Amino acid sequence: MTADLQDTSTQSAERFAESVADIVDKGAIAVMLSIGHRTGLFDIMAALPPATSEKIAEAAELSERYVREWLAVMVTGGIMRYDPATGHYTLPDAHAACLTRGGAQGNLAVYAQHVALMGTLQDRTTACLETGEGTGYGDYPCFHQIMAEDSTQTVAAALFDHILPLATGIEARLEQGIEVMDAGCGRGRALIEMAKRFQKSRFTGYDLCADAIDWARAAARRAGVGNVTFEARDLTGYAEPGRFDFITSFDAIHDQKDPEGLIRGLRASLKPGGVYLVQDIGGSAKLENNLDFPMAALLYAVSLTHCTPVSIGQGGAGLGTMWGWETAERMLRNAGFQTVGRHVLPHDPMNVWFVARA
Ligand SMILES: C[S@@+](CC[C@H](N)C(=O)[O-])C[C@H]1O[C@@H](n2cnc3c(N)ncnc32)[C@H](O)[C@@H]1O
């Protein structure tokens with residue numbers, strides 16, 4: 001090896017070591033963003049003027065000693081400012097816009113919860129790697145809470161302005177009154193929003209997990225909507241032939257036991273002229289196409305720790321989060337839909353949307 005090459009490889013190893021250190025540092029910050037969201041600390045700081053750790057802890061009703069340590073992460077991590085002369089901490093408005101409930105840029109701290117959750121799954125995931133076994137939803141105690149917060153931002157908030165208009169004509173039919181089903185509805189936020197808006201239509205939500213369904217029912221009661229029902233139901237082998245005019249699924253196909261069988265069942269459950277609107281992760285089935293895909297490493301990590309093992313745990317194939325839009329499109333075409341349209345919404349480059357007409 002020439003001296004030049006040796007130098008280059010040494011420099012490269014040094015630079016790479018710096019990158020790894022940066023990854024570890026930022027991973028810690030991500031977990032702390034999740035804690036800031038869960039404790040409400042970001043929301044409280046956004047509402048306070050620059051304040052001491054004592055004032056912040058008092059407003060949040062949290063232990064000052066621990067709040068001070070969390071604030072130190074926020075300052076050294078570039079999230080907040082600290083003035084040593086006054087002992088005041090500041091969450092700049094531009095940062096609050098990305099880290100608070102109702103923030104103008106969407107609350108990115110919601111997504112940091114996925115990173116914190118996968119840390120708690122380290123032992124479980126290691127066991128999956130060693131044995132090839134799957135997991136059950138009970139292995140993820142706060143999954144439905146995180147998922148509902150996630151999809152409230154990406155789906156429920158964009159339903160009427162961006163998402164339903166993809167399925168041309170569906171809003172007029174919803175106004176007139178049709179039968180709608182959401183497959184894998186989780187805590188049901190999207191369905192409840194539609195039920196509130198389109199009161200002549202009837203909405204049914206199915207999900208495997210009884211705890212998510214209980215939550216959805218309680219939320220529907222609180223919202224005072226009577227035209228939505230939720231049922232705990234395993235959609236493996238599902239079909240209710242010709243029952244529905246409109247079926248949706250939001251990020252709920254790739255982690256099923258049998259995604260292709262479910263898509264066929266959903267197709268069979270539509271009336272003639274019915275529409276299936278499906279959102280799923282928009283990555284490619286080919287790793288090499290995903291090198292620049294937004295947050296691809298996070299998505300593969302969610303796949304390893306959640307989407308792949310929950311499918312395998314149900315006896316399924318474990319297609320994973322990055323099963324690929326190509327796979328989804330092929331399954332939709334194989335299911336016999338008349339037309340299949342594919343869309344990516346500008347506000348949400350991570351997901352792909354299909355409109356499939358029976
Ligand atoms: C990623 S979550 C999406 C939840 C919801 N659509 C949302 O966007 O918040 C996938 C959902 O599929 C549900 N699911 C997984 N396997 C299922 C099955 N065999 N039958 C019914 N639902 C299932 C899970 O319980 C989970 O709520």
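The values are calculated or read from the model by the stated rules, or taken from the named source; none is laboratory data. What you see is a predicted model; the values in this text were computed from it and never measured. Backbone-built Cβ (ideal geometry, glycine too); neighbour counts: all protein chains shown. Note: areas computed on protein heavy atoms with side chains; ligands, DNA, RNA excluded. Shrake-Rupley method; radii C 1.70, N 1.55, O 1.52, S 1.80 Å.
A single entry from Leu266, Leu270, Leu262 fulfils the requirement of being among the hydrophobic types (A, V, I, L, M, F, W, C), in contact with a Leu (Cβ under 7 Å, 6 or more places away or on another chain) and crowded, with 22+ Cβ neighbours inside 10 Å: Leu262. From the set of residues in the stretch 187-240 that are near the ligand (Cβ under 8 Å from one of its atoms) and not in a loop (DSSP other than H, G, I, E, B), which is surrounded by the fewest Cβ atoms within 10 Å (Cβ to Cβ)? Filtering first and then ranking leaves Tyr206.
For first residues located in the stretch 204-224 and on the phi > 0 side of the Ramachandran plot, partners that are more than 12 Å from the ligand (Cβ to nearest atom) and lie 6+ apart or on another chain with Cβ distances below 9 Å form the pairs Gly224/Lys196. Condition first: within 26 Å of Ala296 (Cα to Cα) and either touching a Leu at 6+ places or on another chain (Cβ under 9 Å) or not small (Gly, Ala, Ser) (or both). Can you find one or more residues in the stretch 37-59 that meet it? Scanning the stretch 37-59 turns up at least one residue that is within 26 Å of Ala296 (Cα to Cα) and either touching a Leu at 6+ places or on another chain (Cβ under 9 Å) or not small (Gly, Ala, Ser) (or both).
The residue that is nearest to Ala109 (Cα to Cα), counting only those in the stretch 128-149 that are surrounded by fewer than 14 Cβ atoms within 10 Å (Cβ to Cβ) and out of contact with any Leu (no Cβ under 8 Å at 6 or more places or on another chain), is Pro141. A single member of Ala158, Ala127 is more than 10 Å from the ligand (Cβ to nearest atom), out of contact with any helix residue (DSSP H, G or I) (no Cβ under 8 Å at 6 or more places or on another chain), closer than 18 Å to Trp353 by Cα and part of a helix (DSSP H, G or I), and it is Ala158. Of the residues in the stretch 150-186, how many are open to solvent by 40 Å² or more (accessible area, probe 1.4 Å) and at pLDDT below 95? Residues that pass the stated criteria total 2.
Scan the stretch 36-82 for residues that are charged (D, E, K, R) and within 25 Å of the chain's Cα centre (by Cα) and the total you get is 2. None of Ser284, Ser269 is hydroxyl-bearing (Ser, Thr, Tyr) and either under 28 Å from Phe160 (Cβ atoms) or out of contact with any helix residue (DSSP H, G or I) (no Cβ under 7 Å at 6 or more places or on another chain) (or both) except Ser269. Every condition in (1) open to solvent by 40 Å² or more (accessible area, probe 1.4 Å); (2) of a type in the set (D, E, K, R); (3) in a helix (DSSP H, G or I) is met by Asp292 except one, and the failing one is (3).
Taking the stretch 22-42 as the range and being open to solvent by less than 60 Å² (accessible area, probe 1.4 Å) and either aliphatic (A, V, I, L, M) or not in a helix (DSSP H, G or I) (or both) as the test, the residues that pass are Ala28, Ile29, Ala30, Val31, Met32, Leu33, Thr39, Gly40, Leu41. Can you pull out every residue in the stretch 43-96 that is open to solvent by 60 Å² or more (accessible area, probe 1.4 Å), assigned to a helix (DSSP H, G or I) and either modelled with pLDDT under 95 or closer than 20 Å to Ala30 by Cα (or both)? Tyr66, Arg68, Glu69, Thr76, Asp93, Ala94, His95, listed by residue number.
Cβ-Cβ distances below 6 Å connect the following pairs, each with a first residue in the stretch 136-160 that is in contact (Cβ under 8 Å) with a residue 40 or more places away in the chain and of a type in the set (Gly, Ala, Ser), a second residue that is within 9 Å of the ligand (Cβ to nearest atom) and in a loop (DSSP other than H, G, I, E, B), and a separation of six or more residues or different chains: Ala148/Gly186; Ala148/Arg187.
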